[in-house]
């Protein structure tokens, strides 16, 4: 999925939009507006083909792939993501859709050189915004439907919290000019 989405970012026009829509097809339903929104955002960011974007480091490619894949998973297994949204937040499904689109958009913005500054601040803000869901899962795992504490011990839920600042550091370093 991440390769197809990155490939879509390097194409222009209808072909790119069709590829994004294919990447985001879920259970026979295509989330067409999401593909169009992501491609429009890439266009706004000064979209260039991968060949014209200058040097793209391995770290940048991995970062882009990570966020595009993670964002796509919001549409493949949405209930898993909805389950970790804190109960205090209304509109759980919408929060999952918005965060999925935000991850895909941020991931795609890493590839073109002109989009990296935007990607840096976009992804840093995104990581801050989703952090409360990770804290909620660690503090109140019994409120997360489907979370099996026999398979995933509590210490792992707590251990994942420091990964968020490390992900932020990765974003910062991979998107600097």
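So here's what we get for this one:
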read-out	value
Distance in nm between pseudo-label sites at residue 169 and residue 140 (7 Å out along the Cβ direction from Cα)	3.1 nm
Sequence-separation-based contact order of segment 78-125, relative, with Cα cut under 8 Å and 6+ spacing, percent	25 percent
Relative counts (whole %) of C-alpha pair distances in segment 53-166, using bins that are 5 Å wide	2, 11, 19, 22, 19, 13, 7, 4, 2, 0
Per-pair calculated FRET efficiency, R0 = 25 Å: residue 155 and residue 88 via Cβ, rounded to 0.05	0.50
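All of the numbers you see were taken from the coordinates with simple rules; none came from a lab. Keep in mind the model is a prediction, meaning the values are calculated, not measured. Please note: Cβ atoms are built from the backbone with ideal geometry, for glycine as well, and neighbour counts cover all protein chains shown.
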